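Below: the structure, in structure tokens.
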Amino acid sequence: MSSAFLTTPIYYVNAQPHLGHAYTTIAADTYARHMRQRGEDVFFLTGTDEHGDKNARVAAELGMTPQDFVDRNSAAFRRMTDDVLATPDFFIRTTDPGHIAYVQDFLQALKDNGHVYEGVYEGLYCTGCEAFYKEDDLVDGLCPDHGTKPEWLQESNWFFRLSAFEAPLLAHYDANPGFVSPASRFNEARSFIQGGLEDVSLSRASIDWGVPLPWAPEQTCYVWFDALLNYRSAMSYARPDEDLAPRYWPPRWQLLAKDILKFHAVIWPAMLMGAGMALPERLMIHGYLTVRDAKMSKSVGNVLDPFAVIDAYGVDALRYYLLRDVRFGGDGGISYEAVHERYHAELANDLGNLVNRVVAMVGKYTDGRVPAGACDPAITAAVETAREAVGRHTGEMELTEALEAAWEVVRALNRFVEERAPWTLAKDPGRADELADVLYTLADGTRACAVLLAAFLPVSAPRILAAVGAGDALGWDEATAGRLAAGAAVAGEGPLFPRVEEPLGGAPS
RNA sequence: GGCGGCGUAGCUCAGUUGGUUAGAGCAGCGGAAUCAUAAUCCGCGUGUCGUAGGUUCGAGUCCUACCGCCGCUACCA
């Protein structure tokens, strides 16, 4: 049994969970569920990033301790994870004692290996923000938040010798063309490295809410170093009685949005190199969900509220829509109107109605029992083709393509119904054998669809199996024609995807 | 400014290493069928493949210029 470790970024708790967070989590969960179907030993990690000055400041404004503040906000992300039916094997928090201890050990190792040195960070500092600014970020030379003139300040920091990893990183990129997907992101990261790397500071002197450096406790670890290490620290304490690293490290896939590419594709692998650890096998960089006909907006999360979609259409609809309407990896426009259209055209009409009509025909023509019959060769072949394609595409994180491949079977089955017209066969007692073959093919093919789609539609797939009397066998071996037992009792329980009258939304503010 | 990418049917997009009549889904129009959530199935597209040149026996697919759009150009989570 092979192992598959995959991660989402850990989400910064200063914001409320929104569509972007849900998107990454849903994609990762789909992969995790699929690989579990295939019998792999999966470890799916997600969680929250909780240190940093911003949290401390907001907590103070609210009259809370930083810990109380991040406890509250982390819980919201935990709920989001549950709401989209994600199934992480561990939900990490960077305030976990186990994580903090690991970060300190890792930094010490990095220093012992000679990759850390003391230096001076200089820059324009706003005392109101307690943060450094670059000249480009200033407005007329003044702090954009406070309108005050920042002062030139020096701060003693500890630095990570990132520049030393320029050549090793390039070598790694050249030896592993699949390291970053899609290829355009690979090129972007590689050319950034080739353009020359500067050392980066890994500590802050003025921020208390963070992990103290073991050798200089008056400084705290820069939040990005802290955050990136979650992927590795989880291995050390997620299971109190087991070091998971030998079993799962390195990650097979790390998912992230394009805005945090550099941290993951440059600094993170360099950190691991510095500690002598294996690098993640592949990074999957997905794009932004944008509002149709509008520029990218920070408020996109509010423009399409994932929780409203779940309430109106169900969680499977949200998962399906996001992975289907926007090619995974690229940017794409989304809208409530498009949710509404795809829900009805594909989930309700193509798939839901297929299940409904198959159950109805078995009920009407063979007394609710799937007759013994032979699978139609064309459907058998379609299932086999889809099984290969869905497996291959999902493995490559081509989740949109995987859905398209599965849908070929749905379409083939609807076509098959029309071609064979069971209602005509049922009128002729002499064609009972033919009717049996057709109904068996339909019930079994519908069952196979559910298996193919189980990772994408975790609520609906088991319902489909129940509807055609297939029990609960969702293993990947079941994604083959002819596995349905003759005599199975169908059980229609109403529309799988009931029609929704009014689309959500209207004009967002 | 530098590096990179994009611009294909009304809409969203596919189009391997250049090669016969440029494709899919949706929408639209016409038809069939009635098992089904009026859900399905079949048929229908004269598209200057951004513009102008070039290479080639042959280019959406390579080269040049131009127009338009976008991404990256480092630590402020």
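Values quoted throughout were computed directly from the atomic coordinates according to the rules given, and no laboratory measurement underlies them. Values in this document were obtained by computation on a predicted structure and should not be read as measured data. Positions of Cβ are generated from backbone atoms using ideal geometry, with glycine treated the same way; all protein chains shown enter the neighbour counts.
Values for this structure:
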{"read-out": "By average C-beta atoms within 10 angstrom, highest first, the peptides A:484-493, A:466-475", "value": "A:466-475, A:484-493"}
{"read-out": "Dipole axis of chain A (+1 Lys, Arg; -1 Asp, Glu on Cβ), positive-most option in A:219, A:393, A:345", "value": "A:345"}
{"read-out": "Nearby aspartates and glutamates by direct alpha-carbon distance to residue A:149 (threshold 12 angstrom, same-chain neighbours under 8 apart not counted)", "value": "A:135, A:140"}
{"read-out": "Computed over chain A: relative contact order in percent, which uses C-alpha pairs under 8 Å that are six or more apart", "value": "15 percent"}
{"read-out": "Furthest towards positive pole of dipole, A:334, A:383, A:355, structure part segment A:332-389, Cβ charges", "value": "A:355"}
{"read-out": "DSSP bridge pairs, chain A: antiparallel proportion in percent, nearest 5", "value": "45 percent"}
{"read-out": "Spacing of the two label points (7 Å from each Cα toward its C-beta) at residue A:480 and residue A:72, in nm", "value": "5.5 nm"}
{"read-out": "Amide H partners (placed H, <5 Å) of residue A:42, local residues excluded", "value": "A:4"}
{"read-out": "Volume of the Cα convex hull of segment A:314-398, divided per residue and given in Å³", "value": "129 Å³"}
{"read-out": "Range of Cα positions in segment A:1-105 per principal axis (Å), largest first", "value": "49, 35, 15"}
{"read-out": "Radius of gyration, Dmax [chain A; alpha carbons; angstrom]", "value": "26.5, 94"}
{"read-out": "Whichever aspartates and glutamates have a C-alpha closer than 20 Å to that of residue A:111, once near sequence neighbours (fewer than 8 apart) are set aside", "value": "A:155, A:166, A:198, A:199, A:218, A:226"}
{"read-out": "Efficiency of FRET between residue A:148 and residue A:208 - r from beta-carbon atoms, R0 22 angstrom, step 0.05", "value": "0.45"}
{"read-out": "Selection from A:202, A:1, A:15 lying farthest towards where the dipole of chain A points positive, charges on Cβ", "value": "A:1"}
{"read-out": "Net charge dipole size for segment A:440-509 [Lys, Arg +1 and Asp, Glu -1 on Cβ; Debye, nearest 20]", "value": "80 debye"}
{"read-out": "Other-chain or far-sequence residues with amide H under 5 Å of residue A:291's (modelled H)", "value": "A:297, A:334"}
{"read-out": "Cα gyration tensor, segment A:159-308 - rounded (a/c under 1.5), prolate or oblate", "value": "rounded"}
{"read-out": "Equivalent ellipsoid, segment A:363-501 (semi-axes from 5 times Cα gyration tensor eigenvalues, Å)", "value": "26, 17, 14"}
{"read-out": "Burial ordering of A:359, A:383, fewest other beta-carbon atoms within 10 Å first", "value": "A:359, A:383"}
{"read-out": "Estimated vicinal HN-Hα couplings, Hz - segment A:457-463 in sequence order (Karplus 6.51, -1.76, 1.60; Gly, Pro = x)", "value": "10, x, 7, 6, 4, x, 5"}
{"read-out": "Size of electric dipole in chain A: Cβ of Lys, Arg +1 and of Asp, Glu -1, about Cα centre, debye, nearest 20", "value": "1060 debye"}
